[in-house]
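Chemist: Handing you this structure, nothing more for now.
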Amino acid sequence: MKRDNVVERKALEWLKQRGVTVDDIAELVHFLQGPYHSDLKLSICKENVERVLKKREVQNAILTGIQIDVLAEKNALEEPLANMVRRDEGLYGIDEIIALSIVNIYGSIGFTNYGYIDKQKPGILKDLNDKSNGQCHTFLDDIVGAIAAAASSRLAHSFAHEDEDFDDD
Ligand SMILES: [Mg+2]
């Protein structure tokens, strides 16, 4: 199997293992874009999420972030990093930096969407932020928010260029 496919397959597999489905992220896109497009279908949101997940830089961010979260859960990180990641310390900030590598893929509205959804924490983001179950999603919550933000941005651009046959890759 080609290396690219291995990365893509693993990234999707790990997302699922960590409790995040494509539908969960599509719902976040619907939350962000629903107010701007009447009768926005969830299937359109999902299509945009799938396109974002095809990007190699997004897959890399997923693999890196989830790996660090999992190592933190297993107490396999060393101090002082271990504590900062486990507690999702506000001043750590590297989780957000990794997420930012995803946010602007489809232009700067992704950035606005990311800031907004990070504050509101709807749907799956609320679950990922629930620290009561011993799981650590310090990186994953930002990555999921970023994927939703990028997909929203892609969706907004595709609606804006509907008659021009919008197509990125
Ligand atoms: Mg975080």
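Just so you know, all these numbers are worked out from the coordinates, no wet-lab data involved. The structure displayed is predicted, hence computed values, not measured ones. Please note: Cβ atoms are built from the backbone with ideal geometry, for glycine as well, and neighbour counts cover all protein chains shown.
Chemist: What are the ³J(HN,Hα) couplings of the stretch 82-87, residue after residue, when phi is run through the Karplus curve with 6.51, -1.76, 1.60 and θ = phi - 60°? Round to Hz, x for glycine and proline.
Modeler: With coefficients 6.51, -1.76 and 1.60, one gets 3, 5, 5, 6, 4, 8 Hz.
Chemist: Over the chain, what is the relative contact order in whole percent, taking alpha-carbon pairs under 8 Å and six or more residues apart?
Modeler: Computed value for the chain: 31 percent relative contact order.
Chemist: Between GLN17 and GLU78, what is the FRET efficiency for a Förster distance of 30 Å, r being their Cβ-Cβ separation, to the nearest 0.05?
Modeler: Taking R0 as 30 Å, the efficiency between GLN17 and GLU78 is 0.80.
Chemist: Continuing with this model, one more query. Relative to the compact globular guide of 2.2 N^0.38 Å, what is the alpha carbon radius of gyration of the chain, as a ratio? Present the calculation step by step, with values, prior to reporting the outcome.
Modeler: Numbers: Rg = 15.9 Å, N = 169, 2.2 N^0.38 = 15.5 Å.
Taking N as the residue count of the chain, the ratio is 1.03.
Chemist: Tilt of helix 22-33 relative to the longest C-alpha principal axis of the chain, in degrees (0 to 90, nearest 10)?
Modeler: 60 degrees
Chemist: Sum up the lysine pairs in the stretch 1-72 that clear both bars: alpha-carbon distance under 19 Å and a spacing of 8 or more or different chains.
Modeler: Lysine pairs meeting both conditions in the stretch 1-72 amount to 10.
Chemist: Then there's this: Which of the trypsin sites (Lys or Arg not before Pro) found in the stretch 62-169 are loop residues per DSSP with 13 or fewer other Cβ atoms within 10 Å of their Cβ?
Modeler: Here the trypsin sites (Lys or Arg not before Pro) that fit, given the DSSP loop and packing criteria, are LYS74, ARG87.
Chemist: To continue, here is another question. Under the rule that an exposed site lies in a DSSP loop and has at most 15 other Cβ atoms within 10 Å, name the longest stretch of the chain with no GluC sites (Glu not before Pro) of that kind, not counting the sites themselves.
Modeler: After excluding every exposed loop site, the longest remaining stretch is 90-169.
Chemist: Could I ask something else about it? Give the separation of the Cα centroids, the stretch 57-105 to the stretch 22-50, in Å.
Modeler: Value for the Cα centre distance between the two parts: 26 Å.
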